[in-house]
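Student: Next up is a structure, given as structure tokens.
The values are calculated or read from the model by the stated rules, or taken from the named source; none is laboratory data. Quick caveat, the model's predicted, so the values are computed rather than measured. Cβ sites come from the backbone with ideal geometry, for glycine too, and all protein chains shown count toward neighbours.
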Amino acid sequence: MILGVGSFAHSVGQALADDGARVSTYLTRPYGHFAPSLVGRTFSREIFSSPAPLIRESGIGVVIPQSIDWALQPWAEEMLKTGVGVFSPTGEAMRIERERDFARQLCARFKIPFPAAFVASNRLEAEKILARHPRPFVIKNPLCSPTSPIHTILCETVADTRAWLRHVNYAEGVFLQEYLGRAEAGHIVLVSGGEIYSLVTNQEYKRAFNGNLGIVAGAPLGGLVARDENDQYGLARALIHPLRPWLRETKFHGPLQVTAIQRGGKWHVIEYNIRIGVTSGPMILRMLKNPAAIIWRTARNEKLDIQFREGLNFGCSLTLAGYGYPFTQVRSPHLPLETDGPFDCDVWWNEVARGADGQLLATGHRIADVTAFAATLPEAIARAYQNIRKIRVAGSYFRTDIGQSLWPPGRD
């Protein structure tokens, strides 16, 4: 059972269904309900106040959360008491993503490079920190959540930082993390049975527009993954493997992603996430020979046998954004969605519904994710672009420059 909506639930569900799993989705948000229904039963939270009875009645073996917010729901403890496997760490292990300053402290404990960072409870404290440490900061909420009062604001100058500190919502305080530049990359592993298994090195294109311009969007506008079980760029060795004592201490099992910046020839942690991600996750599952078994065994903290499909060395994901995105306060009517011929790669619908006439309609800001794979990166990118150009919705757009910057890892 997937806990989520939209293209995440659609893509993860389809990859597992294609591998022989019986899939359903507990819909955790009020949009993106159509796509998950294409791969299995769906259950609305308005009708089913908790997934726990569904898990018991349907004999669900594993749940796969889209967001860490499942642990804050009133039904979280009841769900865990069912004994269902969770494809995510639980309890103390969740703090590595949930609490940004905890991640900083963890890095200090294990001597992992981390940017200078500070926590302030209000504007006055934040401005005093900036006065003592006059440098650009990335402004984040101290607690990570899709509903955080502050979403990441990337400031490249001191003046930008000072201006934004006058306008952010201090309801939960503010986390200030030194801006180290744009040479960003990520690496995703599975932790299970006390071991760390590298999967891919990835790049997310988080800015809204070509040239990495515009604001940091709520979700990436594109992404790349490269099969990397040998940790070619050293991200896991430098930033994840030193955590092994803590991972074992907390019985951590599940996905772990590190996002890092390279500065002065050294990787620095920007953040850790305990999900496979809305961009990279579906591509990883397609690249694995046995995704259902891997998720099942990881959820039970067992040793893994990771095997990749031959020829799927690289993946490219492109997002078709809808009218007004990333400025989500701008709304549009439901608009007709047209396709020009069949697709020869994966297309995962997000905020899409079927109209009374049977035709698809775009109903929100993120319409679809298009993902393609190949033996080489240029082939994967070209195939993804060939397919996304077959979709038309008024006012929609996609970035046309994925792969032209930020790759290979360490490049800005």
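Student: Working only within region 291-324, note down all residues that are of a type in the set (S, T, N, Q) and buried (at least 17 other Cβ atoms within 10 Å of the Cβ).
Tutor: Once the filter is applied, which keeps residues that are of a type in the set (S, T, N, Q) and buried (at least 17 other Cβ atoms within 10 Å of the Cβ), region 291-324 yields Thr298, Asn313, Ser317, Thr319.
Student: Let me ask something else about it. Pro89: within 23 Å of Pro326 (Cα to Cα), part of a loop (DSSP other than H, G, I, E, B) and in contact with a strand residue (DSSP E or B) (Cβ under 8 Å, 6 or more places away or on another chain), yes or no? Give the steps one after another, and end with the answer.
Tutor: Values: within 23 Å of Pro326 (Cα to Cα): no; part of a loop (DSSP other than H, G, I, E, B): yes; in contact with a strand residue (DSSP E or B) (Cβ under 8 Å, 6 or more places away or on another chain): yes.
Criteria not met by Pro89.
Student: Hey, another quick one. Are any residues in region 190-215 aliphatic (A, V, I, L, M) and surrounded by fewer than 23 Cβ atoms within 10 Å (Cβ to Cβ), and if so, which ones?
Tutor: Listed by number, the residues that qualify are Ile196, Ala208, Leu213, Ile215.
Student: Before we move on, is Leu180 surrounded by 15 or more Cβ atoms within 10 Å (Cβ to Cβ) and either in contact with a helix residue (DSSP H, G or I) (Cβ under 7 Å, 6 or more places away or on another chain) or among the charged types (D, E, K, R) (or both)?
Tutor: no
Student: Which one of Leu361, Leu337 is in contact (Cβ under 8 Å) with a residue 40 or more places away in the chain and among the aliphatic types (A, V, I, L, M)?
Tutor: Leu337
Student: Here's something else I'd like to know. Of Arg399, Arg411, Arg383, which residue is out of contact with any helix residue (DSSP H, G or I) (no Cβ under 9 Å at 6 or more places or on another chain), under 19 Å from Val225 (Cβ atoms) and either part of a loop (DSSP other than H, G, I, E, B) or modelled with pLDDT under 95 (or both)?
Tutor: Checking each option against the conditions leaves just Arg411.
Student: Please tell me if Glu77 is in contact with a strand residue (DSSP E or B) (Cβ under 9 Å, 6 or more places away or on another chain), free of Cβ contacts under 8 Å to residues at least 12 places away in the same chain and either surrounded by fewer than 18 Cβ atoms within 10 Å (Cβ to Cβ) or among the aromatic types (Phe, Trp, Tyr) (or both). If you could, list the steps in order and put the result at the bottom.
Tutor: On the way: in contact with a strand residue (DSSP E or B) (Cβ under 9 Å, 6 or more places away or on another chain): no; free of Cβ contacts under 8 Å to residues at least 12 places away in the same chain: yes; either surrounded by fewer than 18 Cβ atoms within 10 Å (Cβ to Cβ) or among the aromatic types (Phe, Trp, Tyr) (or both): yes.
In short, no.
Student: In region 313-363, which residue that is of a type in the set (Ser, Thr, Tyr) and touching a Lys or Arg at 6+ places or on another chain (Cβ under 9 Å) is nearest to Leu38 (Cα to Cα)? Spell out the reasoning first.
Tutor: Restricting attention to region 313-363, the residues satisfying the condition of being of a type in the set (Ser, Thr, Tyr) are 317, 319, 323, 325, 328, 332, 339, 363.
Narrowing the set further to residues that are touching a Lys or Arg at 6+ places or on another chain (Cβ under 9 Å) leaves 319, 323, 325, 339.
On the way: Thr319: 19, Tyr323: 24, Tyr325: 25, Thr339: 18 Å.
The qualifying residue nearest to Leu38 (Cα to Cα) is Thr339.
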